[in-house]
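Chemist: First the structure, then my questions, so here it is.
Rule-based calculations on the coordinates, nothing more; no lab input. Source: prediction; values computed, not measured. All Cβ positions, glycine included, derive from the backbone under ideal geometry; neighbour counts span all protein chains shown.
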Amino acid sequence: MPILDDVSFAHLALFTVIIFASGLVHGTMGLGFPVIATPLLALVLDVRSAILVTLLPTAVVNVASVLRGGHWRESLGKFWPLAVYAVIGSAVGTSLIIVSDPTPFKLLLALLIFLYLGSGWLGTLKMSWARTHTARSMLVFGFIAGVAAGATNVMVPILIIYTLELGLTTTAMVQVFNMCFLSGKLMQMATFASAGMLGTELLLSTAPLAGVALAALFLGMAVRDRISTDNYRGIVRGTLFVVALILIGQFILER
């Protein structure tokens, strides 16, 4: 699927800027690459194409984040079922977007952004069953997060709500996020490949973007302690809010 063959130089430059900014956010905050990259790319592409363009860059960022973050064996040992359920859900969500009109997924993506922006408030809701029935809650949240990731490339809102309810530390949250991101992304890539939508040509064409994402990730990690996290998050949240409104507007116009 030669998505990048027919785009202009201006669009390629825009894609590069978006990927760089998304990698910088992920490196600085420990998460956020697909949350930023997918909706921004979806402003000029359909959601399915935006996901395909970000497949390799997201996988590279996730691998680097898991290996660089440390203590990943502890997260893997305790929360591996969450990643397994995310894999199953990702296969379902990816299959849906392969056989469906990608236009409605812009609305779903916008709703997930709003869910992400409100996750701090939603995380205060009482869901004691998530703590007392860990096996069941990992099944529910892992599967739903996987479906969301497969269909829209965004699973972090679901995982944020779940990990806030469990009371995990920031380090543990980031490790769990990246573990689920990576496992779901690998399944997503396999599902697209089995449908004939992901091949060597697409991987090679997006490899430079993966390099840009990796460089931005390490830059973000280097400056993580040198900027005001609150101000940075405020800018990111404001940008996502505007993007969500634009996606809703596009969905309405395209219907």
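Chemist: In the chain, which helices (entire DSSP H runs) extend 27 Å or more along their own long axis, judged by Cα positions, while averaging at least 0.0 on the Kyte-Doolittle scale? All intermediate terms of the calculation are to be shown ahead of the outcome.
Modeler: Details: long enough: 9-29 (30 Å, 1.67); 47-69 (29 Å, 1.43); 72-99 (38 Å, 1.04); 170-194 (36 Å, 0.86); 200-222 (33 Å, 1.66); 229-254 (37 Å, 1.01).
Long hydrophobic helices here: 9-29, 47-69, 72-99, 170-194, 200-222, 229-254.
Chemist: Semi-axes of the range 179-220's equivalent ellipsoid from the Cα gyration tensor, sqrt of 5 times each eigenvalue, largest first, rounded to whole Å?
Modeler: Working: eigenvalues 97, 49, 3 Å².
Equivalent ellipsoid semi-axes, largest first: 22, 16, 4 Å.
Chemist: Let me ask something else about it. How many nm is it between the label spots at Thr134 and Leu14, if each spot is 7 Å from the Cα in line with the beta carbon?
Modeler: That separation, rounded to one decimal, is 4.7 nm.
Chemist: Principal axis extents for the range 9-254, Cα atoms only, whole Å, descending order, please.
Modeler: 51, 43, 35
Chemist: May I pose another question? Which listed residue (Leu219, Leu202, Phe177) has the Cα farthest towards the positive end of the charge dipole for the chain, taking +1 on Lys and Arg C-beta and -1 on Asp and Glu C-beta about the Cα centre?
Modeler: My answer, from the dipole projection, is Phe177.
Chemist: If contacts are Cα pairs under 8 angstrom and at least 6 residues apart, what is the relative contact order of the chain in percent? Don't jump to the answer; show the numbers that get you there.
Modeler: Details: 368 pairs, mean separation 92.6, N = 255.
Relative contact order of the chain: 36 percent.
Chemist: Give the long-range amide H neighbours of Asp46: residues separated by 5 or more places, or on another chain, with amide H under 5 Å away, using H modelled in the peptide plane at 1.01 Å from N.
Modeler: Under 5 Å from the amide H of Asp46 lies no amide H from a residue far enough along the sequence or on another chain.
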